[in-house]
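The values are calculated or read from the model by the stated rules, or taken from the named source; none is laboratory data. These numbers were taken from a predicted model, which means no experiment stands behind them. Ideal geometry is used to build each Cβ from the backbone, glycine not excepted, and the neighbour counts take in all protein chains shown.
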Ligand code: PLP
């Protein structure tokens, strides 16, 4: 596989980052994941804009223009002959000579940028037909979840807790209300209404979320952006999650309680279809 590191395309075995890199030492970095279908990028512009915002929130200069970033994405797709899968992008505050909590001067210590591809079936997956099971866990993450940082230890632990409980993923709960999934935004459907938490610093502003809500409103579906409790979720008619790599994924049980008839609901199925159709058409 060819990967991109700081301006160079290299075989993965030759791609290296310093042990002093602040991404490694402090999780001082941000990332994006963009899906590829039929060799084309989904929602690239949304991911690029969120990346710029994440960088700005952390006072990190961007090491690359958004036009060049699109070119690097496309070049990696070409070089790795990627038809379906993901492109992972990470930018960290770089490697100063010593370990120091204080940010280094970006003029002296440039950011580190890494991109690589991962080939994976995304569209035609069995889980889209069976749905997934989620458990609830406490949301003990930091308070700036709107910044897409590489601090993913707790979400990883959440996935492990889900696995240990015989489920597929975890929904995180704060003050009784669902914030989001470990790596996705969370939704319930009740009496035909699509309910998902409002934007704020408590959740990541999902690019897929924005697209799916737009498509839902265009299709005259009713959307309510508000917090919902885990109790409401257990009484919902259906539920689903969205993310760049899972698109729209139906949820069929919450903390062991089956939703509806225990099969993916019609709203989730329809939104998955619309999202896939529309984002394929708009793919670059
Ligand atoms: N929420 C969290 C915590 C995530 O990690 C992700 C994606 O990785 C999302 C939501 C979904 O965001 P997007 O649709 O931009 O992939």
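A few comments on the model shown:
Yes/no per residue for (1) within 23 Å of residue 243 (Cβ to Cβ); (2) part of a helix (DSSP H, G or I); (3) within 16 Å of the ligand (Cβ to nearest atom):
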{"residue": "16", "(1), (2), (3)": "no, no, no"}
{"residue": "24", "(1), (2), (3)": "no, yes, no"}
{"residue": "34", "(1), (2), (3)": "yes, no, yes"}
{"residue": "49", "(1), (2), (3)": "yes, yes, yes"}
{"residue": "55", "(1), (2), (3)": "yes, yes, yes"}
{"residue": "64", "(1), (2), (3)": "no, no, no"}
{"residue": "76", "(1), (2), (3)": "yes, yes, no"}
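- Figure legend. Inter-residue proximity from the range 70-84: first residues touching a residue at least 40 places away in the same chain (Cβ under 8 Å), second residues part of a helix (DSSP H, G or I) and crowded, with 18+ Cβ neighbours inside 10 Å, beta-carbon distance below 8 Å, spacing 6+ or different chains. Indicated pairs: 70/44; 70/48; 73/44; 82/76.
- Residue in the range 215-230 that is in the same structural domain as residue 131 (by TED's automatic domain parsing), away from the ligand (no atom under 14 Å from the Cβ) and on the phi > 0 side of the Ramachandran plot present: yes
Matching residues to (1) under 21 Å from residue 145 (Cβ atoms); (2) at pLDDT 95 or above; (3) surrounded by 14 or more Cβ atoms within 10 Å (Cβ to Cβ):
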position: 47; (1), (2), (3): yes, yes, yes
position: 68; (1), (2), (3): no, yes, no
position: 72; (1), (2), (3): no, yes, yes
position: 78; (1), (2), (3): no, yes, no
position: 82; (1), (2), (3): no, yes, yes
position: 90; (1), (2), (3): yes, yes, yes
position: 93; (1), (2), (3): yes, yes, yes
position: 112; (1), (2), (3): no, yes, yes
position: 121; (1), (2), (3): no, yes, no
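- Spans of strands (runs of 3 or more DSSP E) in the range 98-198 with at least 3 residues more than 14 Å from the ligand (Cβ to nearest atom) and in contact (Cβ under 8 Å) with a residue 40 or more places away in the chain: 112-119, 132-138, 185-190
- Residue list for the range 237-264, restricted to those being more than 15 Å from the ligand (Cβ to nearest atom) and surrounded by fewer than 21 Cβ atoms within 10 Å (Cβ to Cβ): 237, 253, 255, 256, 257, 258, 260, 261, 262, 263
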